[in-house]
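The values are calculated or read from the model by the stated rules, or taken from the named source; none is laboratory data. Please read all numbers here as calculations on a predicted model, not as lab measurements. Heads up, the Cβs are rebuilt from the backbone with ideal geometry, glycines too, and the neighbour counts pull from every protein chain shown.
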Amino acid sequence: MEQKAKDQFRMKFYRLAVQLNIIILLVVVPVLFLFIFPSRFGSFRYPVIAVMLLAALVLAINFRTKYNETKAWLHEQPDKKEDE
């Protein structure tokens with residue numbers, strides 16, 4: 001793989017890793033709101049949980065699309081062994 005392609009892959013991988021971490025946080029934080037802080041945030045707790053889970057779902061769909069695009073792009077790259 002050429003150096004330019006390696007740099008592109010590094011950035012694509014970094015973007016996907018950050019996006020996956022955000023998805024995980026958007027799923028874990030509502031669970032914390034629901035079980036650990038049941039008495040706090042009483043009036044707006046459920047709408048916040050719903051918005052965060054909906055954002056996680058939208059981001060997960062976008063993540064899956066970008067993941068498949070990156071995977072297809074990676075398979076298109078020529079396998080060139082570096083001389084050591």
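Can you tell me which of GLN19, GLN3 is polar (S, T, N, Q) and over 22 Å from PRO78 (Cβ atoms)?
Values: GLN3 fails: over 22 Å from PRO78 (Cβ atoms).
Answer to the check: GLN19.
Taking LYS12 as the residue in question, decide whether it is among the basic types (Lys, Arg) and over 13 Å from the mean Cα position of the chain (by Cα).
Answer is no for this residue.
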*What number of residues in the range 10-56 are modelled with pLDDT under 85, surrounded by 10 or more Cβ atoms within 10 Å (Cβ to Cβ), aromatic (Phe, Trp, Tyr) and part of a helix (DSSP H, G or I)?*
2
